[in-house]
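Here the structure is laid out as structure tokens; the discussion comes afterwards.
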Amino acid sequence: MTAIETEVKFRVRDAADIERRLQAAGFRQQTPRTFERNILYDTPERRLRLERQILRIREYGDKWVLTHKALPVEGDTGPYKHRVETETTLSDGTTVATIFASLGFLPAFTYEKWRTEWADETGHCVLDETPLGTYAEIEGPEDWINRTAAVLGVDSSEFIGLSYGRLFELWKEESGSSATDLTFAAVEKGEQWFPQPGALATSIRQ
């Protein structure tokens, strides 16, 4: 399935409060807290990264999902992150990874999180517990994103349009860490980090 993904992230200080607000707004929990492991694949020359594309295999609980993302023709607008997303489920992600390797696409970056999914009739909101702290992602039409953010007590100035990979790079720049992947084993004390607004404003979205 291919669609235009429109979303924003924001840093969460009180996950329990966000979940209470979601419930009060009529959201229902779609998936309870589940461990998720993502591996991005690229050529040795990082061709996909240079073209601002991603090729990802996600293991989410007992499910495997293959995703490709690319910039839409019009690019990003305002504070929102827009991507052309093509996604399908897999029966065995490890077999697809072997096929990727045969085609020259190798693991380039791994990131982990514990994800809880919520949704209403229009869009969905996820809570991601990452090694860099807890974030939420709101995905849906732009006006719905704005309304949902207001219900959650989040101002548009708090919106983040960066990927977890780019947030990881910002954290490395500030912390001096030698970690190469955003995993719970590799990252120490990252949950105490809050991205600086200035850095977010000047960073290229990915």
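Each reported figure results from applying straightforward, stated rules to the coordinates on display, with no laboratory input. Just so it is clear, the model here is predicted, and its values are computed rather than measured. Backbone-built Cβ (ideal geometry, glycine too); neighbour counts: all protein chains shown.
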Most packed first (mean Cβ within 10 Å per residue), the peptides 131-138, 63-70 order as 131-138, 63-70
Only counting other Cβ atoms within 10 Å, I'd like Asp155, Asp181, Asp17 sorted with the fewest neighbours first.
Asp155, Asp17, Asp181
When Phe100, Phe27 are arranged by how many other beta-carbons sit within 10 Å of their Cβ, fewest first, they go Phe100, Phe27
Return the long-range amide H neighbours of Ala108 (sequence gap of 5 or more, or a different chain), with a cut-off of under 5 Å between placed amide H atoms.
Leu40, Tyr41, Asp42
How big is the charge dipole of the chain about its Cα centre, in debye rounded to the nearest 20, if each Lys and Arg gets +1 on its Cβ and each Asp and Glu gets -1 on its Cβ?
260
Would you be so kind as to identify which of Gly165, Thr43, Phe184 lies farthest towards the positive end of the dipole of the chain, taking Lys and Arg as +1 and Asp and Glu as -1 on Cβ and the Cα centre as origin?
Thr43
If I take every Cα pair under 8 Å that is 6 or more residues apart in segment 2-202, average their sequence separation and divide by the length, what percent do I get for the relative contact order?
27
Across segment 2-202, how many lysine pairs separated by 8 or more positions, or lying on different chains, have Cα atoms within less than 26 Å?
16
For a quick check of your reading of the filter: which trypsin sites (Lys or Arg not before Pro) in segment 106-206 sit in a DSSP loop and have no more than 11 other Cβ atoms within 10 Å?
Lys189
